[in-house]
Structure formats: structure tokens, C-alpha cells
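Here is the structure we will look at, set down as C-alpha cells.
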Amino acid sequence: MGNIDKEEFINGISCLVLRRKMSNWTQEIILTRYRQEAQRGRPYTWFNYQPINLPGYGETLSNCGRNCFDRSEAIAAHLQAEFGDKRLKIIDWGCNLGFFCFELAKLGHQVTGIDSNRENVELCRYLARTNDFPETPQFFHDKLSVETLSNYHDYDLVLCFSVLHHLGKQKVETLKKMAETYPHAYVEMDGAGYGFNLLFAFYWQLEEVLETNDRYGSGHRTRKTWYGSNRCNGNVYRNIKENNLVNSRGVFRVKRDGTTSVVKRELNTGGTHTWIQTDLSHEREMYRKLKGVRFFPQLLDSGTEKGFQWIELEYVKEDGCFSADELSLFYAYLAESNLFMLDLTTDSFLFSDGKLKVIDLESLFPVEHTLEDLIQVQTRRSSLSLDSYEKQLQYLLKRLGG
């Protein structure tokens, strides 16, 4: 055994034994195992979570934990309406036993399935080898994360069903990366709002494809499958809000006809989304009032549709050429104009070729009486630590100027 590390050696042996066991799948072994899992008295296990809709596996259709056909049929119809007869490269993260991969492969799509359970992957590979498809789907063992998404980037569309809630604190960043990597997505989620508010921040086009109510534990659980797209009507959208991501709001860079702009949108919930009494309509009015002021990007358009309001702004390409003089001139302008920013986030101050542009005007308000009055009326706080122009200026000089 030489100098092989004990833990590494043990894991190596375990992996070797497991690989040998999993490489010996046969139809009889699969069906026997499936029956055993279905009879364990639970609604389902990972092994009978999905049916195997392939020749010779018909009994799994009634022994499976979830009715997957409702989703596959809804997705097939939606794909036809959205893409016509175009054959797509599709990736399924958390593919389980490969049901959706195989159904999409039958339609002629080029499909890849990824699962964190190596046993599932080996079983899917066996099923792919022993059945006929227009193009044989591929399967890989991996775990969904911000890092692993970079290894599977050349796809038109992603499926991600009941996976994101397993990611814990990494859910938002992983979803953001997923929306950047794949222009189109089908995502199934449960919980509050069935994930709509979260997906709304990352996919410009978002529509419900299907609502399901499958058994879960001793009862049932409602889930919704959404279609999200960042390529709509010839435009390409990308979320550009790096920090302070807020549900019910999205900030997108949009490219259309060779031009670039920024579109911000917010659901018409009738409430405020921060500790400041503000919403997107206030920000829109501030941009209108400040039209032509060089410190702010220009408002290009605005509107309301499908339950949300939006504003379109001039795009500012930041190069990081910080200028203390520009910042000082900006605060002199605020004081002279009786305007005050209640919330300071450094990513709202953009420098391009030494010139300052200030974005996110949701916290910019006119000072009608005193700063103290403004703070009390417009915030949920009784005081601010940065409650003067000079304090804010010195804070930003230190943070932005290094």
C-alpha cells in the first residue's frame, strides 16, 4: 500500500466497489430495485422519484413518486410554440433518472443530464446505451454551483426542477450565474410565490408554464414551473445588479440593434421594497426632474406592463477612473439644489473617463425643510449615521478613493 493516505485509500476502495456495482445495471436489476423502493412505504425515494418511460419499463409509470408527464407535455408544447421545429442543445441539472432528458431526446433535441448522485448517472448512461434516440443523450456526475456552471456553458436552454432550494445560501448567486449562462430556462420551484419574485430579478421574460400538486410526505405540495428567457424580440438582457438584490425588482443591461441601455423594473406591489419609503415611480420622477444634469444618466423611456413598471436609462460603462474633484462637485451640486441621498451604496457611483455618473436615484429626495425632517418622513429609521453632505462626502472619498 506504500504511502497511500488511509482516508484517500478507503474512499478509493469504496468508489471502486460502487462503480463496479453500478456498471452492472440490467433491466431486471433496475425493475427489481424500483419495486423495492416503491414498496418502502414512503411517497417516493430518489430511485422511484421519476418514471422510466422507455420500452420494457412500463410498470414504473404507476410506481413513480411524481407525475412527470404533466410537465413534459407542457414543456413540449411550450417549446414548439416558442422555438418551432428548431432542435436545441438542452441541459438538465438534477436530472435524477433522466425522465426529462429522454423525453426531450425523443423529440430530437441534443440533451445532457447532470446529477449529483453517481448511481443515477450510471443508470441513465445504461438506459441511454440500450435504447434508440435520434441523438443519444449524455450524462455526467456533478453538483450545481456557481463554479460548475462554467463547465457546461454551450447550451440553448436549461432545465432546473426542484433543485435550487437545496443550495441554501448559494441559491441566489447560482441562479444569477445560471441566467447569465443559459439564455432560456424552465425552472420548477415551491415555497413563497413559487420562486416568481426571485426569478423576476434574473429573467426578463417570465411566464408560468404549469402548476402541479403532487404528493409529498403525508400530503401534497404545490409547485410551479416557469419559463424564463433573456433573449426576447431580438434583444439580449442580462442582470447587472451585483449587490443588494431585492425581490420583485430587476436591473438589466439590454442590447438591441447595436445599442446598449439599462432597464430597471419593479412589480406593482403597492409597497416599498427598502427601509426608505420609495419605489420605482419615485426614481422615474427624479430622473425626469434632473434631465440634462450631467451627474445622472438620462431617462430614455418608461412604462407599465404585465403587473410591473419599468424605466430605461442611458448605459454608463464604468472604467474606475475615480476623481475626488468630481465627487466634491457632485456634493456641492446636491447642497445647492437642496437634494439629499438617504442611502449610500458605493456601486451607485460610476466613474467613466474621470467623469461621475450617479445611478439608483430611489433614495434621492428634495429637502423641503430640514435633513432631520426628511429622514423622519421618508425612512423607517429615526436617524442616520451619514446625516450630512460632508459626512457622506468624506465616507465616499475614503471608500471609493482607497
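The values are calculated or read from the model by the stated rules, or taken from the named source; none is laboratory data. These numbers were taken from a predicted model, which means no experiment stands behind them. Virtual Cβ from ideal backbone geometry, glycine too; neighbours counted across all protein chains shown.
Of the residues Gly98, Gly108, only one is at pLDDT 95 or above, among the small types (Gly, Ala, Ser) and within 25 Å of the chain's Cα centre (by Cα); which? Walk me through it before giving the result.
Details: Gly108 fails: within 25 Å of the chain's Cα centre (by Cα).
Matching residue, one of Gly98, Gly108: Gly98.
Quick check on region 246-256. Is at least one of its residues of a type in the set (Gly, Ala, Ser), assigned to a loop (DSSP other than H, G, I, E, B) and not assigned by TED's automatic domain parsing to the domain that holds Ala81?
In the first step, residues of region 246-256 are kept if they are of a type in the set (Gly, Ala, Ser); the result is 248, 250.
With the extra rule that they be assigned to a loop (DSSP other than H, G, I, E, B), the set shrinks to 248.
Filter once more, so that each one left must be not assigned by TED's automatic domain parsing to the domain that holds Ala81: 248.
The answer is yes; a qualifying residue exists.
Could you tell me which of the residues Ser281, Ser229 is within 21 Å of the chain's Cα centre (by Cα), of a type in the set (Ser, Thr, Tyr) and modelled with pLDDT of 90 or more? Talk me through it step by step, then tell me what you get.
Details: Ser281 fails: within 21 Å of the chain's Cα centre (by Cα).
Unique residue meeting the criteria: Ser229.
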Going residue by residue through region 269-283, is there one that turns out to be loosely packed, with under 15 Cβ neighbours inside 10 Å and under 21 Å from Asn239 (Cβ atoms)?
yes
Among residues of region 370-400, those that are of a type outside the set (S, T, N, Q), surrounded by 11 or more Cβ atoms within 10 Å (Cβ to Cβ) and not in a helix (DSSP H, G or I), counted:
4
How many of the residues making up region 288-333 are in a helix (DSSP H, G or I) and in contact (Cβ under 8 Å) with a residue 60 or more places away in the chain?
4
Touching a His at 6+ places or on another chain (Cβ under 8 Å), more than 20 Å from Tyr216 (Cα to Cα) and buried (at least 19 other Cβ atoms within 10 Å of the Cβ): does that describe Ile90?
yes
Taking region 319-346 as the region of interest, how many residues are under 35 Å from the mean Cα position of the chain (by Cα), among the charged types (D, E, K, R) and over 20 Å from Phe365 (Cβ atoms)?
1
Restricting the search to region 183-196, which residues are at negative phi and out of contact with any Gly (no Cβ under 9 Å at 6 or more places or on another chain)?
Pro183, Asp190, Ala192, Phe196
How many residues does region 56-87 hold that are surrounded by fewer than 17 Cβ atoms within 10 Å (Cβ to Cβ) and touching a residue at least 60 places away in the same chain (Cβ under 8 Å)?
4
Counting just the residues of region 5-44 that are of a type in the set (Phe, Trp, Tyr) and modelled with pLDDT under 85, which one comes out surrounded by the fewest Cβ atoms within 10 Å (Cβ to Cβ)?
Phe9
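Name every residue in region 93-118 that is assigned to a helix (DSSP H, G or I) and surrounded by fewer than 17 Cβ atoms within 10 Å (Cβ to Cβ), in order of residue number.
Taking region 93-118 and keeping what is assigned to a helix (DSSP H, G or I), we get 99-106, 118.
If the condition is that a residue be assigned to a helix (DSSP H, G or I) and surrounded by fewer than 17 Cβ atoms within 10 Å (Cβ to Cβ), then Arg118 is the only one that fits.
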Every residue from region 175-193 that is buried (at least 21 other Cβ atoms within 10 Å of the Cβ) and either modelled with pLDDT of 95 or more or farther than 17 Å from Arg249 by Cα (or both)
Met178, Ala179, Tyr182, His184, Ala185, Tyr186, Val187, Glu188, Met189
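Kindly indicate which of Arg265, Arg249 is surrounded by 19 or more Cβ atoms within 10 Å (Cβ to Cβ), modelled with pLDDT under 90 and within 18 Å of Glu283 (Cα to Cα). Quick ask: steps written out before the conclusion?
Numbers: Arg265 fails: modelled with pLDDT under 90.
Exactly one residue qualifies, and that residue is Arg249.
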Pull up region 284-318, narrow it to residues that are more than 26 Å from the chain's Cα centre (by Cα) and of a type in the set (Phe, Trp, Tyr), then point me to the one that is surrounded by the fewest Cβ atoms within 10 Å (Cβ to Cβ).
Phe295
